[in-house]
Amino acid sequence: MQIKTELERLIRQACENSGIDAGEIRVAEATKAEFGDYQFNGAMPLAKKLGQNPRQIATRIVEALPENEILERVEIAGPGFVNLHLSPGWIARQVEACAFDPRLGVGTRSEPRRVVVDYSSPNMAKEMHVGHLRSTIIGDALANLLGFLGDEVIRQNHIGDWGTQFGMLIAYLEELGEGAEGSLQDLEEFYKAAKKRFDEDEAFAHKAREYVVKLQGGDVRCLHLWQDFIDKSLGHCEEVYSKLHVRLTREDVRAESSYNDDLPAIVADLEAKGLLQTSEGAKVVFVPGEETPLIIQKSDGGYLYATTDLAAIRFRVSQLGAKRISYVVDARQAGHFRQVFAVARMAGYAPEDVRLEHVSFGMMLDKNGRPFKTREGGTVKLIELLEEATRRARKAITQKEAYGPEELEKIAEIVGIGAVKYADLSINRESNYIFDWDRMLSLEGNTSLYQQYAYARIRSIFRKHGSEAEPAPVILEEEPERRLGLKLLQLEEVLQAAAQDAMPHYITSYLYDLATLFMKFYERCPILRSDVPEERRRSRLVLAHATAATLRLALEILGIKVLERL
RNA sequence: GCGUCCGUGGCUCAGCUGGAUAGAGCAUCUGAUUGCGGUUCAGAAGGUCGCAGGUUCGAAUCCUGCCGGACGUACCA
């Protein structure tokens, strides 16, 4: 149930009833408590359009509002703002209806769409580093979210497993022979060592180049070595995914190389459609409004990632039936995707009813606003970053209570990983973000720990109470109760907006509001104290239960776990 | 040079499909609470929303110019 949608329906009906041609009706959350819960600001522009007094328009609309149980009071203020006050009784009944529903009242799409979310996409030649963190976290959250709302989500891990560097790597792998297993433990070192050999030894370099040709020619032995290498490298990624509690599996891998056979066909097809031109020896497509063309085939005959991306779009639309394809890739590639999408449209690979979107995100910076690097200036390995998160979380929580070593480890991991993910998801993905351990592991402010703490605190109420909440009439007499109840009902509209805009931070903002409102409610409205009347206690237990359930559900969608005790 | 994005209290961020006195958190200061987990709650202080114009009844939000920053600018991915 989306309150906003319900209210918009009412206003639209009122406009129809009073013969006002209103066009699109938009209701917004009120900017201040004194202005009610929601507000309709459309009377002013409407007045201008109709050449009438805005207050009169507002009055006509308000008087024509159909009978309903949602609104308790409507008032017109200022030049023509329509302030909507919701009925506490209505809110209470909605909370009762949602609180014990596994989906908390959130509906699912009546006609599911097929959606492809392309994220993580590590390069197999190297170890995953912080550059892959945001894509992996944001992409996974988005995939979870769309799936929860009823889309058929297809996760695609478009791993980089093809290209000239693999000739070098498998040549080195072969050279090491049996002992190679150990060397692959650290891909970064392996890559460096191979590169060193390549640069220093001409014979090796020659062999590496030969291997590229053989590999592309389908040489069985080379393919075998290559496959072996990819398997190992993918194993590293999976270790990271598992640590990150990210749902990507081997099933989701659709490697770059899997499109190899399609590439000549793409070129031929673009040619046949008259889109391809030759420019400076390369085969390109010029996109109207773009200065430089999209290069489809290099002058030496090689293909580029644009070609692969086009093949991928074609595959995803025609074979997977995608109606929305979301690329969770950093902002630097905006230009690339703009062009690839344009060409995909021109070539008909993605008809107009398929939504192509670049879910772009900014860079990860250190505390001083510089690109995130190790102290020595190298790239930070993701696995090490995650280990540090757990280590720091352990340190942050040990001072509190005594845990068994196993429990401590489990808690530290959930808290540490949660902090890293939440910190990333809680800011507008478009901007660069500053990675600061101290802030993300703080218990105060908009952090995962604050949410996890709120959750654990509620769970502790039920432990103390001795049983779980049971359905009961909800009473919203006090302001903190009413505000909490209303916030609980806003879950669906927040999730929908976050899904529509691919903006996970809408959800974290909501959670922060919710947790804060709960703390205030808890402060003002005792639950278990002996002087609380039974029916109030039962009502408040329902509110507490619904809050915990909302926190857990939304955090789960974001890929963050909660704990019964902290 | 051209293009894209970004400039909001000391710091980190919301708000940007134009709406009422620009919101949080951290840090700072004050108070409540002998605590149903006070790591909470209440309050104070702190802002020419980069600058200058423009559009509008109304601009942080839209338009133009400028300043500052990041990124991108054809055969890497």
³J(HN,Hα) computed for each position of the stretch A:166-174 - Karplus, 6.51 cos²θ - 1.76 cosθ + 1.60, integer Hz, glycine/proline x: 6, x, 5, 5, 6, 4, 6, 4, 5
Farthest toward positive dipole pole in the stretch A:260-379 [+1 Lys/Arg, -1 Asp/Glu at C-beta], among A:ILE296, A:VAL340, A:ILE325: A:ILE325
For the stretch A:459-501 and the stretch A:169-236, distance of Cα centres in Å: 56
The stretch A:18-76 and the stretch A:296-358: distance between their alpha carbon centers, rounded to Å: 43
Heavy-atom accessible surface of the stretch A:165-248: percent carbon and sulfur, 1.4 Å: 51
Gain in span if fully extended, A:LYS192 to A:SER460, counting 0.36 nm per residue against the direct Cα distance: 91.3 nm
Lys, Arg +1 and Asp, Glu -1 on Cβ, resulting dipole of the stretch A:165-248 about Cα centre, debye, nearest 20: 300
Whichever lysines have a C-alpha closer than 27 Å to that of A:LYS487, once near sequence neighbours (fewer than 8 apart) are set aside: A:LYS4, A:LYS32, A:LYS421, A:LYS464, A:LYS520, A:LYS561
Cut-off under 5 Å, modelled amide H: who pairs with A:VAL153 long-range: A:VAL115
Count of lysine pairs in the stretch A:226-331 with Cα separation under 22 Å (8 or more residues apart, or interchain): 4
Estimated [θ] at 222 nm from DSSP helical runs (n ≥ 4, -39500 (n - 2.57)) normalised by residues in chain A, nearest 500: -17000 deg cm²/dmol
Å² of accessible area per residue within the stretch A:165-248, as computed with a 1.4 Å probe and no ligands counted: 51
Cβ-based charge dipole, the stretch A:3-86, positive-most Cα from A:LEU46, A:ASN17, A:ILE76: A:LEU46
For peptides A:511-520, A:25-34, A:58-67, A:150-159, sequence by mean Cβ density within 10 Å, most packed first: A:150-159, A:511-520, A:58-67, A:25-34
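Report the full-extension gain for the segment A:ARG338 to A:GLU175: residue separation times 0.36 nm, less the Cα-Cα distance, to one decimal in nm.
Numbers: separation 163, 0.36 × 163 = 58.68 nm, distance 4.23 nm.
Between A:ARG338 and A:GLU175, full extension yields 54.5 nm more.
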Among A:113-120, A:387-394, the order from most to least packed when residues are scored by Cβ within 10 Å on average: A:113-120, A:387-394
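Leaving ligands, DNA and RNA out of it, rank A:MET44, A:MET168 by accessible area with a 1.4 Å probe, largest first.
Working: A:MET44 50, A:MET168 10 Å².
So the residues, ranked largest to smallest area, are A:MET44, A:MET168.
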In Hz, Karplus ³J(HN,Hα) per residue of the stretch A:340-354 (6.51, -1.76, 1.60; θ = phi - 60°; x = Gly, Pro): 4, 4, 4, 5, 4, 5, 4, 7, x, 6, 10, x, 4, 7, 9
The stretch A:78-158, relative contact order [Cα under 8 Å, separation at least 6], %: 36
Å² per residue, accessible surface of the stretch A:102-143 at 1.4 Å: 31
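With +1 on the Cβ of every Lys and Arg and -1 on the Cβ of every Asp and Glu, and nothing else charged, how large is the dipole of the stretch A:3-86 about its Cα centre, in debye rounded to the nearest 20?
Details: 10 positive and 13 negative charges, 84 e Å.
Dipole about the Cα centre, nearest 20: 400 debye.
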A:LYS298-A:HIS206 pseudo-label distance in nm [points 7 Å out on the Cα-to-Cβ vector]: 2.2
Ranked by how many other beta carbons lie within 10 Å on average, peptides A:213-224, A:246-257, A:337-348 from highest: A:337-348, A:246-257, A:213-224
Inter-site label distance for A:ARG221 and A:LYS373 at 7 Å from Cα along Cβ, in nm: 4.2
Cβ-placed point charges (K, R +1; D, E -1), dipole of chain A about Cα centre in debye, nearest 20: 1160
Net lengthening on full extension, A:ASN260/A:GLU357 (0.36 nm per residue, minus Cα-Cα): 32.6 nm
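The values are calculated or read from the model by the stated rules, or taken from the named source; none is laboratory data. What you are looking at is a predicted structure, and each value in this text was computed from that prediction instead of being measured. Glycine also receives a Cβ, built like all others from the backbone with ideal geometry; neighbour counts cover every protein chain displayed. Accessible surface areas use protein heavy atoms only, side chains included; no ligands, DNA or RNA. Shrake-Rupley method; radii C 1.70, N 1.55, O 1.52, S 1.80 Å.
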